[in-house]
Structures are given as C-alpha cells and as structure tokens.
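Everything below concerns the one structure shown next.
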C-alpha cells in the first residue's frame with residue numbers, strides 16, 4: 001500500500017481531506033423506495049466556482065437524476081417527470097438550513113404535452129405530416145419539425161416565501177435525446193456514430209446543447225440554466241465493490257492492496273442521466289463561515305444539496321389523466337457522494353430521503369461516526385481501518401451538504417492545467433480568501449472528474465489521525481466520456497446506437513461513414 005507522510009502532502013500543497021468510502025454508486029441506488037421511482041432518483045451533485053468571461057465569479061451547480069438511463073431505450077426515451085419538482089438548495093453549511101432554492105418543473109409527457117403529431121409512434125425523427133406524407137428526417141435544430149416531442153420547463157428562485165420566475169418571456173426547451181447519428185446527427189461523430197464531447201466554450205458545444213443553454217436576467221443578475229440528457233459522469237467499479245470486494249479492484253502489487261492502476265470496470269460506462277443545472281453569480285449568494293476538514297480550518301461559503309418532491313396525493317383515473325393535489329412531499333435528497341447509499345443503514349435510508357439536512361446531526365450522525373464500510377473492508381482485507389469515533393467523517397457529512405468555499409478563484413476543471421482527479425491528494429489545490437491552500441475539488445465542492453471513490457477510500461483508510469495517508473482506490477481512474485470545460489460541464493449524452501457499452505458495429509452509418 002502506498003503511504004504518504006502528512007508533512008509531505010502539505011508540502012505538495014494538498015490540504016488533507018475528505019470523507020469516506022466507496023459505496024454503491026455515487027448515489028444511484030440509495031434507498032428502497034426511491035429505487036422504485038427512477039425519474040426522481042438523484043445520482044450526483046456537482047458544485048464548484050468558475051469565472052465568466054466578464055470576470056464575474058459564479059457558482060456552477062449541476063445535478064444528475066434518473067440513473068442507468070439506457071441510450072438505446074427507444075421509442076420514447078427518457079424525459080423529466082412532469083409531476084415532480086426538481087430543486088437545487090443553497091444552504092447554511094453549518095446547519096443545513098435552506099437560504100435559497102431553485103425549482104425546475106417540466107411540461108407534460110402525456111398527450112397533453114408539446115407534440116406536433118400524435119398519430120405516430122415516434123417522439124424524434126418525425127413531426128407533422130406534409131401533404132398527407134410523413135415528414136421524417138434528422139433533427140436540425142431544437143424544436144424543429146422533426147422533433148415531435150419538445151419538453152419545456154420553468155425555473156423559479158425561492159427565498160423564504162418569495163418566489164420569482166426566472167424565465168419570464170423565455171421558453172426553456174429540453175434538447176432531444178441522443179437517438180443516434182441518423183436522427184440527432186449534431187451530437188455525434190459522422191464516421192463513428194459516437195457522441196462528441198469536450199467543448200471548451202459555449203460556441204464549441206454541440207448544436208442541440210448550445211441552443212438550449214439559456215441566460216436569464218432577474219433583478220440585474222444573470223443566471224444560466226440547462227436541462228436535458230447527459231452522459232453519466234460518475235465512474236467507479238461499483239459492481240466489483242459490492243461483490244464483496246471482487247479481486248479485480250485489488251492491485252497485483254503489493255498483493256492485497258486496493259488498486260490505482262486502472263484495472264477495474266466502470267459500472268456506469270455507456271449510460272446516460274437526466275441533468276439540470278444553474279450558474280449563479282456569487283454576488284447573489286449568502287456567505288457563511290464554517291469549519292472545513294483535514295485539517296480543521298475556517299472557510300467561507302455555502303452548502304449545496306438537491307431534492308426531488310412529488311405531490312402528496314395522486315388520483316389515478318380510469319377515464320383520463322392522473323390528478324395531483326396537496327403540498328409537495330420530498331421523496332429524495334442528495335449532497336455528498338456515498339452518504340445515504342454507503343453509510344446509512346437500511347432502517348433509515350427512506351427516512352433520510354424525507355428529512356431536511358437540519359435533522360442530520362440528530363438522526364444520522366452515528367453513521368458517519370461509525371462507518372460500516374470500514375468494518376466490511378477490515379473483514380475481507382484486514383486493513384485495520386478505524387471504525388468508531390470518526391469525527392473527521394462527521395465533519396464532512398453532517399449536515400449532508402456539499403460545502404463550497406466561494407472566496408477562491410475559479411477552480412481548474414477536467415482537461416485544464418492543474419486539475420487532478422485526486423483533488424488535494426494529487427496536489428490540486430487553490431488559495432482561499434484566508435490565504436489557505438485548500439482542495440481544488442471534493443470535499444471543497446465537487447467537479448466532474450473528481451475521483452470521489454478513490455478520495456473517499458483514501459480518507460476512510462487514513463483517518464482519523466491522517467499521520468500517514470494511505471492512497472487506495474477501486475482501479476477505475478477515468479470516465480469513459482470526456483467532460484466539457486464549459487456549462488453544462490457534463491459530457492454529451494451517449495448515442496442510442498453507439499456508445500462505450502454498445503458498439504453498434506452492425507448499424508449503418510451515413511454515406512462516407514465507417515464501422
């Protein structure tokens with residue numbers, strides 16, 4: 001096992017850090033009830049500081065929902081639930097109390113939705129007939145005649161009892177699903193048929209994504225929003241971990257150590273998620289002092305978490321569409337990766353999803369203080385992980401909000417110089433307003449590409465003293481898709497016909513293409 005002395009880690013600019021464990025997926029399968037409601041099942045929360053071309057500092061928050069969305073799941077493909085409220089919460093990082101909320105709500109997917117032609121089975125590739133003949137073909141622009149179904153949405157900012165519609169006068173459209181190169185060509189390489197990602201500016205985003213990134217002005221502030229399908233940016237050998245630590249996640253040398261050599265299997269490659277996000281001017285955010293971990297220090301910023309709510313009552317009629325009534329009821333929430341999924345016991349998982357972070361200290365702190373995963377790893381690999389009194393982990397997870405120091409400059413993102421998937425462990429640090437060197441990534445916010453599984457396992461194995469840093473991982477060291485370096489930072493959605501798990505070698509490409 002590779003061990004790094006704490007002093008050396010600090011000398012390299014890494015500010016020690018982070019929570020524990022590699023659980024099931026970041027949060028793709030966290031509780032029994034939400035497992036039955038995939039469209040409301042949150043998977044990942046990303047939050048980090050960036051800077052606009054004007055020099056304005058912003059907080060980027062992107063949320064993924066609907067795990068294991070199959071790219072080839074035609075004929076309808078996935079869409080956001082029209083009777084759910086998808087929310088982004090800005091919270092006090094000390095208490096978890098909400099101070100701002102941004103609600104995304106979507107138009108119907110039923111026959112009452114935005115369809116051009118209800119007399120076809122196709123959502124994408126055919127719209128209204130022309131002269132009695134089918135108008136079939138590729139979607140050239142979002143909302144055009146070949147995008148039969150166009151889901152739209154509204155975004156509201158909520159502060160206390162005041163709710164403000166941010167998209168007044170603007171229709172926010174969801175881009176089409178990436179059906180494939182013949183139906184949604186501008187997502188994909190014309191030769192391989194696979195999605196092209198890695199945009200470095202808004203101008204270099206694919207056409208469908210670029211057309212659905214919206215700048216909204218409210219009270220003199222500019223917010224940027226997006227909602228649509230994206231590639232699942234989480235990577236981890238979750239299948240191997242939960243098969244009682246399959247040997248493929250273990251390095252061959254030294255024997256019996258968790259791996260860092262890329263020999264594991266990414267259990268999420270080739271899948272998509274539904275995704276929504278907002279860019280918020282930091283000047284529009286509150287500011288709180290809080291204690292950040294590893295080592296304990298004072299930081300200044302906010303907490304972030306996501307939730308999905310549904311109406312309290314849904315009446316399913318036999319002669320018409322369902323009727324919803326009553327107040328919103330929270331059915332899922334998520335902040336830091338792994339907490340509910342890998343720490344919280346079955347008896348409390350559903351209760352966690354219903355609760356506010358303000359109740360975490362009372363109800364769920366015991367799971368951070370006494371991590372079961374450490375017990376299991378000790379039983380199989382005898383690592384000697386400390387499994388009680390883990391106040392270091394409680395400092396990260398309780399309350400369960402992603403804490404972001406908003407006094408730093410823009411943090412590097414995947415593909416840029418200075419970015420390291422291991423965050424502070426790999427020397428990826430930034431300076432905050434106090435002059436302290438702090439992690440560039442998780443647990444200071446979370447970026448796309450942060451290897452949260454390896455960071456978490458390292459913290460689990462190294463704490464609570466951190467006198468020696470034992471770097472361990474799951475043997476998956478990269479995502480199968482390239483992330484963007486601009487909003488939305490989540491990668492281009494995988495194509496239905498060709499992706500990293502479905503080669504599609506027998507699918508005919510357009511003229512000039514090749515298998």
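The values are calculated or read from the model by the stated rules, or taken from the named source; none is laboratory data. These numbers were taken from a predicted model, which means no experiment stands behind them. Don't worry about glycine lacking a Cβ; one is built from the backbone with ideal geometry, like all the others, and counts go over all protein chains shown.
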Residues that are under 15 Å from residue 443 (Cα atoms) and in contact with a helix residue (DSSP H, G or I) (Cβ under 9 Å, 6 or more places away or on another chain), drawn from the stretch 303-340: 303, 305, 334, 335, 336, 337, 338, 339
By residue number, the members of the stretch 353-374 that are over 23 Å from residue 457 (Cα atoms) and either at pLDDT below 95 or buried (at least 24 other Cβ atoms within 10 Å of the Cβ) (or both) are 353, 357
Sort out which residues of the stretch 153-183 are under 24 Å from the mean Cα position of the chain (by Cα) and assigned to a loop (DSSP other than H, G, I, E, B), and write them in order of number. 166, 167, 174, 175, 176, 177, 178, 179, 180
Of (1) part of a loop (DSSP other than H, G, I, E, B); (2) farther than 25 Å from residue 203 by Cβ; (3) at pLDDT below 90, residue 510 satisfies all except one. Which? (2)
Entirely in the stretch 402-476, the strands (runs of 3 or more DSSP E) that have 3 or more residues that are buried (at least 23 other Cβ atoms within 10 Å of the Cβ): 402-405
Can you find even one residue in the stretch 31-42 that is in a strand (DSSP E or B) and within 26 Å of residue 487 (Cβ to Cβ)? yes
Tally the residues that are in contact with a helix residue (DSSP H, G or I) (Cβ under 6 Å, 6 or more places away or on another chain), under 18 Å from residue 284 (Cα atoms) and assigned to a strand (DSSP E or B), restricting the search to the stretch 59-98. 1
Here is a check on your reading of the model: is residue 210 free of Cβ contacts under 8 Å to residues at least 24 places away in the same chain, touching a helix residue (DSSP H, G or I) at 6+ places or on another chain (Cβ under 8 Å) and either closer than 15 Å to residue 106 by Cα or surrounded by 14 or more Cβ atoms within 10 Å (Cβ to Cβ) (or both)? yes
Residues that are out of contact with any helix residue (DSSP H, G or I) (no Cβ under 6 Å at 6 or more places or on another chain), surrounded by fewer than 16 Cβ atoms within 10 Å (Cβ to Cβ), at pLDDT 90 or above and farther than 17 Å from residue 177 by Cβ: does the stretch 219-237 have at least one? yes
Test each condition in (1) assigned to a loop (DSSP other than H, G, I, E, B); (2) loosely packed, with under 12 Cβ neighbours inside 10 Å; (3) modelled with pLDDT of 95 or more for residue 312 and report the one that comes out false. (1)
Within the stretch 375-391, residues closer than 29 Å to residue 247 by Cα and surrounded by 14 or more Cβ atoms within 10 Å (Cβ to Cβ) come out as 376, 377, 378, 381, 383, 385, 386, 387, 390
Take residue 262 and decide whether it is closer than 30 Å to residue 410 by Cα and modelled with pLDDT under 85. yes
Only residues that are over 20 Å from the mean Cα position of the chain (by Cα) and at pLDDT below 95: list them for the stretch 395-417, please. 395
For the stretch 260-289, name all the residues that are in a loop (DSSP other than H, G, I, E, B) and over 30 Å from residue 472 (Cα atoms). 285, 286, 287
The lone exception for residue 89 - which of (1) over 19 Å from residue 230 (Cα atoms); (2) surrounded by fewer than 24 Cβ atoms within 10 Å (Cβ to Cβ); (3) within 15 Å of the chain's Cα centre (by Cα); (4) modelled with pLDDT of 95 or more it fails: (2)
If you go through 294, 338, the only one that is modelled with pLDDT under 95, surrounded by 21 or more Cβ atoms within 10 Å (Cβ to Cβ), out of contact with any strand residue (DSSP E or B) (no Cβ under 8 Å at 6 or more places or on another chain) and over 30 Å from residue 70 (Cβ atoms) is 294
Kindly establish whether residue 123 is at pLDDT 95 or above and within 21 Å of the chain's Cα centre (by Cα). no
Could you please give the count of residues in the stretch 141-167 that are without any contact (Cβ under 8 Å) to a residue 24 or more places away in the chain and out of contact with any strand residue (DSSP E or B) (no Cβ under 7 Å at 6 or more places or on another chain)? 4
Residues of the stretch 214-229 satisfying the condition of being in contact (Cβ under 8 Å) with a residue 24 or more places away in the chain and not in a loop (DSSP other than H, G, I, E, B): 214, 216, 218, 221, 222, 223, 224, 225, 226, 227, 228, 229
Testing residue 125 on (1) under 28 Å from residue 483 (Cα atoms); (2) touching a residue at least 12 places away in the same chain (Cβ under 8 Å); (3) out of contact with any strand residue (DSSP E or B) (no Cβ under 9 Å at 6 or more places or on another chain); (4) surrounded by 15 or more Cβ atoms within 10 Å (Cβ to Cβ), one condition comes back false. Which one is that? (3)
Say whether the condition of being over 24 Å from residue 61 (Cβ atoms), in contact with a strand residue (DSSP E or B) (Cβ under 7 Å, 6 or more places away or on another chain) and in a loop (DSSP other than H, G, I, E, B) is met by at least one residue in the stretch 320-333. yes
Might you check whether a residue that is at pLDDT below 95, surrounded by 18 or more Cβ atoms within 10 Å (Cβ to Cβ) and in contact with a strand residue (DSSP E or B) (Cβ under 9 Å, 6 or more places away or on another chain) occurs anywhere in the stretch 60-79? yes
Those residues of the stretch 192-213 which are farther than 22 Å from residue 497 by Cβ and part of a helix (DSSP H, G or I) amount to 202, 203, 204, 210, 211
Check residue 103 against each of (1) closer than 28 Å to residue 233 by Cβ; (2) part of a loop (DSSP other than H, G, I, E, B); (3) touching a strand residue (DSSP E or B) at 6+ places or on another chain (Cβ under 8 Å) and name the one condition it does not meet. (2)
